[in-house]
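Notes follow once the structure below has been shown.
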Amino acid sequence: MKLIEAVPNISDGKNTSVIAQIVAAADCVPGVRVLHTDSNSDANRTVITLAGAPGAVVQSAFNLIRKAAELIDMRTHTGAHPRLGAVDVCPLVPVQDISLEETAQLAEKLARRVASELNIPIYLYEENAHTNERKNLTFIRRGEYESLPDKLRTLPPDFGPKNWSERVAKTGATVIGARKFLVAFNMSLDTQNVAVACEIAAQLRERGGGLKCVKAIGWYMPAYRCAQVSCNLTDFTQTGLAEVFETCKQLADERGAQITAGELIGLIPQAALLQAGKFYAPGEKNSTALINEAVENLLLSNLRPFDARERVLEKVLEM
């Protein structure tokens, strides 16, 4: 059975009614399940994970983008997380019995439909990008929503309107493409000095000469009263959670700081946790024990309890 997931990131992490309506719009398509919703009020962003049959997931993602465009007004949006639009990014990810290339065809189908029917500027990224630069979400999103009036002219979208208008001002732009599994991992520091987090992030990310397949930024999270290093692992088989955590720990120690908690955003493939567990317990063979080792050493339960049944993709799909 072919199975894909979509992981739309919407630019609202505060208004529970708005978020619920957007999730409901996605959840009404037969053959699709909303597996997880992860909101952060400081980032003002919600990460939603959908999975199911390919065609059904594409329809579900379209419904979600349409509802978000209706309910979110980017002209009044503020938040710590970089963003371009009401739905900032909507990746499609192959899960079972489907190739990345076939998933990319579905992503282009979704992108064309959103542009033509909803009149939203669409940028293609990752597997769907037409240039190497555009593979990188950071490159497309540089300058964020505020840059769109100029960006539409200097970096035209792949589909949809290329001119600034009141409609585009409300919705912003959306980035769509097929990619591999991405692990979003934040580390809280025992300092409120965001400069420390930014310095560490600069050394962690691949673009700055750091770890391969790692993107990172530093920010302040008022709800936690601390600075965080926020990382995206774009290929955890190249650089895993444990390597990111231990490198961050060393860089923090050099600055007189410590990691107080690890935080995963959205769902995580079981293989990523098993990989971290084997790093900390090389002789362990039991998968449950390895996951427990990963959770303990990555401090994943320090902010709130980490339940693998609710956070590991494969376990959620079994429910």
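The values are calculated or read from the model by the stated rules, or taken from the named source; none is laboratory data. Here the structure is a predicted model, which is why all the values come from computation and not from measurement. Every residue, glycine among them, receives a Cβ derived from its backbone with ideal geometry; neighbour counts consider all protein chains shown. Calculation scope for accessible area: heavy atoms of the full protein, side chains included, ligands and nucleic acids excluded. Shrake-Rupley method; radii C 1.70, N 1.55, O 1.52, S 1.80 Å.
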Go through the stretch 1-38 and give me each residue that's over 8 Å from L50 (Cα atoms), assigned to a loop (DSSP other than H, G, I, E, B) and not hydroxyl-bearing (S, T, Y). M1, K2, P8, D12, G13, K14, N15, C28, V29, P30, G31
Condition broken by Q250, with the remaining ones in (1) in contact with a strand residue (DSSP E or B) (Cβ under 8 Å, 6 or more places away or on another chain); (2) open to solvent by 70 Å² or more (accessible area, probe 1.4 Å); (3) closer than 16 Å to S188 by Cα satisfied: (1)
In the stretch 269-310, the residues that are touching a residue at least 40 places away in the same chain (Cβ under 8 Å), in contact with a strand residue (DSSP E or B) (Cβ under 6 Å, 6 or more places away or on another chain) and either buried (at least 18 other Cβ atoms within 10 Å of the Cβ) or among the hydrophobic types (A, V, I, L, M, F, W, C) (or both): A272, L298, L299, L303
Would you please name the residue that is surrounded by the fewest Cβ atoms within 10 Å (Cβ to Cβ), looking only at residues in the stretch 1-21 that are more than 24 Å from A223 (Cα to Cα) and more than 15 Å from the chain's Cα centre (by Cα)? M1
Which ones in the stretch 31-58 are modelled with pLDDT of 95 or more and more than 19 Å from the chain's Cα centre (by Cα)? V32, A53, P54, G55, A56
Test result for K109, within 15 Å of A178 (Cβ to Cβ) and out of contact with any strand residue (DSSP E or B) (no Cβ under 9 Å at 6 or more places or on another chain): yes
Of all the residues that make up the stretch 133-166, how many are surrounded by fewer than 20 Cβ atoms within 10 Å (Cβ to Cβ), more than 12 Å from L84 (Cβ to Cβ) and among the acidic types (D, E)? 3
Take the residues of the stretch 106-124 that are part of a strand (DSSP E or B) and among the hydrophobic types (A, V, I, L, M, F, W, C): which is farthest from D150 (Cα to Cα)? L124
Answer yes or no: is there a residue in the stretch 49-64 that is open to solvent by less than 10 Å² (accessible area, probe 1.4 Å), touching a residue at least 60 places away in the same chain (Cβ under 8 Å) and not aliphatic (A, V, I, L, M). yes
Counting just the residues of the stretch 280-319 that are basic (K, R) and assigned to a helix (DSSP H, G or I), which one comes out nearest to C231 (Cα to Cα)? R311
Identify the single condition in (1) of a type outside the set (K, R); (2) under 30 Å from R225 (Cα atoms); (3) free of Cβ contacts under 8 Å to residues at least 24 places away in the same chain that T78 does not satisfy, given that it satisfies every other one. (3)
What about L211, is it within 11 Å of V244 (Cα to Cα) and out of contact with any strand residue (DSSP E or B) (no Cβ under 8 Å at 6 or more places or on another chain)? yes
Tell me the residue from A201, A169, A173 that is over 20 Å from the mean Cα position of the chain (by Cα), open to solvent by less than 10 Å² (accessible area, probe 1.4 Å), modelled with pLDDT of 95 or more and small (G, A, S), please. A169
Out of all the residues in the stretch 90-103, which are open to solvent by 10 Å² or more (accessible area, probe 1.4 Å) and of a type outside the set (D, E)? P94, V95, Q96, I98, S99, L100
Answer yes or no as to whether L233 is open to solvent by less than 60 Å² (accessible area, probe 1.4 Å), out of contact with any strand residue (DSSP E or B) (no Cβ under 7 Å at 6 or more places or on another chain), over 18 Å from L124 (Cβ atoms) and at pLDDT 95 or above. no
